[in-house]
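Quick notes on the structure that follows.
The values are calculated or read from the model by the stated rules, or taken from the named source; none is laboratory data. All of these numbers come straight from a predicted model, not from anything done at the bench. Cβ coordinates were reconstructed from backbone atoms using ideal geometry, including for glycine residues, and neighbour counts include every protein chain displayed.
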Amino acid sequence: MDIDLEPVAVFEAPIYLRYHATSARAITPFLHALRRGILLGHRSPATGKVLFPPLGSCPESGQPTSEEVVLADTGTIISFTTVHLAIPGSKLKPPFTVANIMLDGADQFFSHLVSGCALEDVAIGMRVRAKWRPASEWGYSLENIEYFVPTGEPTVDIPTLKAERLRLAQERRHA
Amino acid sequence: MRDVAIMGYAQSPQVREARGLNEVEMLMPVLQAALADAHMTLADIDFVCSGSCDYIAGGAFSFVGALDAVGATPCMQESHVEMDAAWALYESWLKIQSGHIRTALIYGFAKASNGSLPDILSQQLDPYYLAPLWPDSISLAALQANLLLQTGRYAQRDFAEVVVDSRRHALANPNAQLKGEVTVEALLAEPMLAPPLRKHDCCPISDGASAMVIAAGEVAQSLADRPVYIRGIDHRMEVHQLGQRDLTTSVSTRQAADRAGVGEDKIELAELYAPFSPQTLILQESLGLRPDVVVNPSGGPLAGHIFMCAGLDRFGEAARRIRAGTADRAVAHATSGPCLQHNMVAVLEGK
């Protein structure tokens, strides 16, 4: 055996698996609503909190959720960051700002893009509104919203907002 | 050794496609039912452990998403095995032995209808020499079955008899996917799928979820009418390369059975995770089961097979019969990997 052989560094063995997934019980009405430009959340029977997007369960209690709540397309920035590095495979061109947004009426934030102002003007507590794509382009996706833009309303104090939401959730739970 | 008992068990219906339900939606009612069966709530649970496979869902970290079904608030002691939930049971059993916990909630789930399970399983093989050839689980089981026939110990008729028993037993199992009165002659008239296996020699592919609650002996005594004790449990693994082991027997099962104490007293029933009918025969031999032992009274994996749950289900089905007073001493077996590579054997007792 020739011990001077070059090590084999590469061999190709492509792996591909096909999946056929369908939307589930809670996600299906959410996606149909989204297709019509409506943001649908779920209220947890255990905590009174409104979850968005609704996954059909309350992660705090493990209980199923089914009570639908129509949410506004306005909300508050809970946190944000500006991405300056290109993400492989992403159609987004840096720099762009990603924010955790709590929709008005929801108790859980979700992530979306913020634009329509200078990057350095984005702030925690900033009030934002969805900028929808033209209705003719709507599909079963949160991409129906192109990004969120500042409303110009005064900045919100997040601890106050959270305390108020928690108080409302507890009231609803005890109601 | 600390006494450990099975306190509660629940399984969803085993169906080919749980249309319109995701993993969390399948799991939630099963977890609640297992806790109720154990006369417990989540507040009584010290440790949660699950078994699942992200390749089945086709989504990374689907096992973390499944925690939404548990209610992990404010936080909990949790673990996951990328194996059948029987190994989540084993981890929980060890943790009770260690003295760190007294109770555990165990669950497994799979929505296998999302993908092609036999092809997905080919990707758990050796990545250099086997996986690139995509040998699916049915073809590998067929190779094993052919070797078994060549020993002269069994004929195709014996494979069919295993299926007849499974279908008949499953008549009493409301969660079974395949059930009915069939004859050996009718089965042998069916076309081959992967010779010498016919379609009915292979387990069905099911969507579903299962959950179990176990507890240390002192908890079991105070809560359960008839606790089912895990008297012995052991698991053994064989080499990865199929060419390096004798596929017509199961040395790992025999060793695990010895360590679990199967032969120490009379066994009345056995729930065996044999996804292919010839493997039932191999396991019966390797476990040293007498001919009068009832095998797979639930119908077993040939009647319903939730991948990642089917091993835990053997424990659940055996325990259910002990709790009902149908048996006092039973074997539960779980397997993992191709052609019975890795085997777990436990002895369950009602006394």
Does B:I106 fit the bill of being in contact (Cβ under 8 Å) with a residue 60 or more places away in the chain, β-branched (V, I, T) and within 14 Å of chain A (Cβ to nearest Cβ)?
-> no
Looking only at region B:32-59, count how many residues are away from chain A (no Cβ under 11 Å), within 24 Å of B:G99 (Cβ to Cβ) and touching an Asp or Glu at 6+ places or on another chain (Cβ under 7 Å).
-> 2
Which residues, counting only those in region B:151-172, are closer than 21 Å to B:L247 by Cα and not in a helix (DSSP H, G or I)?
-> B:T151, B:G152, B:R153, B:Y154, B:A155
Please find, within region B:189-219, the residue that is surrounded by the fewest Cβ atoms within 10 Å (Cβ to Cβ) out of those that are assigned to a loop (DSSP other than H, G, I, E, B) and out of contact with any His (no Cβ under 8 Å at 6 or more places or on another chain).
-> B:P191
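So which residues in region B:262-277 are under 20 Å from B:R320 (Cβ atoms) and not charged (D, E, K, R)? I'd like the intermediate steps shown before the answer.
Going residue by residue through region B:262-277, those that are under 20 Å from B:R320 (Cβ atoms) are B:262, B:266-274.
B:V262, B:I267, B:L269, B:A270, B:L272, B:Y273, B:A274, listed by residue number.
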Does A:T65 satisfy the criteria of being among the polar types (S, T, N, Q), within 22 Å of B:V64 (Cα to Cα), more than 7 Å from chain B (Cβ to nearest Cβ) and in contact with an Asp or Glu (Cβ under 7 Å, 6 or more places away or on another chain)?
-> no
B:A186, sole failed condition from (1) of a type outside the set (D, E); (2) over 24 Å from B:E17 (Cα atoms); (3) in a helix (DSSP H, G or I); (4) touching a Leu at 6+ places or on another chain (Cβ under 6 Å) = (4)
Scan region B:6-25 for residues that are of a type in the set (A, V, I, L, M, F, W, C) and within 18 Å of the chain's Cα centre (by Cα) and jot them down.
-> B:I6, B:M7, B:A10, B:V15
Can you find a residue in region B:331-342 that is within 17 Å of B:H169 (Cα to Cα), among the hydrophobic types (A, V, I, L, M, F, W, C) and in contact with a Lys or Arg (Cβ under 7 Å, 6 or more places away or on another chain)?
-> yes
Subset of region B:102-150 [hydroxyl-bearing (S, T, Y) and either touching a Pro at 6+ places or on another chain (Cβ under 6 Å) or over 21 Å from B:T248 (Cα atoms) (or both)] | B:T103, B:Y107, B:S113, B:S116, B:S122, B:Y128, B:Y129, B:S137
Please go through region A:48-84 and pick out each residue that is among the hydroxyl-bearing types (S, T, Y), within 15 Å of B:A69 (Cα to Cα) and in contact with a helix residue (DSSP H, G or I) (Cβ under 9 Å, 6 or more places away or on another chain).
-> A:S57, A:S61
Can you give me the ranges of the strands (runs of 3 or more DSSP E) entirely in region A:43-114 with at least 1 residues that are of a type in the set (D, E) and touching a residue at least 12 places away in the same chain (Cβ under 8 Å)?
-> A:67-71
Could you tell me whether region B:316-328 includes any residue that is polar (S, T, N, Q), within 22 Å of B:Y154 (Cα to Cα) and assigned by TED's automatic domain parsing to the domain that holds B:A142?
-> no
Could you tell me whether region B:170-192 includes any residue that is under 27 Å from B:T249 (Cβ atoms), in contact with a Gly (Cβ under 9 Å, 6 or more places away or on another chain) and assigned by TED's automatic domain parsing to the domain that holds B:S298?
-> no
Kindly check whether there is at least one residue in region B:247-256 that is surrounded by fewer than 14 Cβ atoms within 10 Å (Cβ to Cβ) and over 18 Å from B:L312 (Cα atoms).
-> no
Pairs under 6 Å by beta carbon, first residue on the phi < 0 side of the Ramachandran plot and among the charged types (D, E, K, R) in region B:301-325, partner assigned to a loop (DSSP other than H, G, I, E, B) and modelled with pLDDT of 95 or more, six or more apart or different chains?
-> B:R314/B:Y273; B:E317/B:S298; B:R321/B:A327
Among residues belonging to region A:26-41 that are free of Cβ contacts under 8 Å to residues at least 40 places away in the same chain and out of contact with any Phe, Trp or Tyr (no Cβ under 8 Å at 6 or more places or on another chain), point out the one that is farthest from the other protein chains (Cβ to nearest Cβ).
-> A:I38
